[in-house]
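The structure appears right after this line, and notes come after that.
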Amino acid sequence: MEKKVYITEEEREKCRKVIDAFAELYEIEDEDILLVDAGRYGFVKLQCYTPSYGFEELDTYTDSNSLFEGLWEEWLNLNIFLLASEMQLADVLYDDLFNNLPKKKQSELIRRKDDFAKKAGITP
């Protein structure tokens, strides 16, 4: 019986470039994000580690575009949250945090997507 392959070698290389582009995301001290090459199954993003349970969240990716968008959303949400904490906007609903940031800061965050896309070789 032939084993099914869920990701091509070409797509695996593209995914590696995406993972490298978002390297700063995994270096944040309080963030529990681990990306694992799962061989023929693609890549798995593991998050929210607790010693008693292990990783509480996981997402599997087999194409670089969806991996890029997943990591971009993770990066953006984390940075919005960190900025909101600095600005003492903790009582604002999460969905409104971005809108409560100064327009200049909103633009800076959105521009970072292009930076990540260039590093990853992705067309956003």
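No value in this document is a laboratory result; all are computed from the given coordinates. Everything numeric in this text was worked out from a predicted model, so none of it was measured. Note: ideal-geometry Cβ built from the backbone for every residue, glycine included; neighbour counts use all protein chains shown.
Here are the numbers for the structure shown:
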| read-out | value |
| --- | --- |
| The chain: relative contact order in percent, alpha carbon pairs under 8 Å with at least 6 residues between | 27 |
| Relative packing of peptides 45-51, 55-61 - highest average C-beta neighbours within 10 Å first | 55-61, 45-51 |
| Of Leu34, Ser64, Thr50, farthest towards positive along the dipole that unit charges on Lys, Arg, Asp, Glu beta carbons give region 1-70 | Ser64 |
| Inter-site label distance for Glu9 and Met87 at 7 Å from Cα along Cβ, in nm | 4.8 |
| Global geometry of region 11-53, whether rounded, prolate or oblate, following the gyration tensor of its Cα atoms and the 1.5 cut on a/c | oblate |
| Simple label model, 7 Å out from Cα along Cβ direction - Tyr53 to Arg40, nm | 3.2 |
| Relative exposure of Arg12, Arg111, judged by other C-beta atoms within 10 Å (fewest first) | Arg111, Arg12 |
| Listed peptides 17-25, 97-105 by packing density, highest first (mean Cβ within 10 Å) | 17-25, 97-105 |
| Sites Glu69 and Lys103, calculated FRET efficiency, Cβ-Cβ separation with R0 22 Å, nearest 0.05 | 0.40 |
| Ellipsoid equivalent to region 9-120 - semi-axes via the Cα gyration tensor, in Å | 27, 19, 10 |
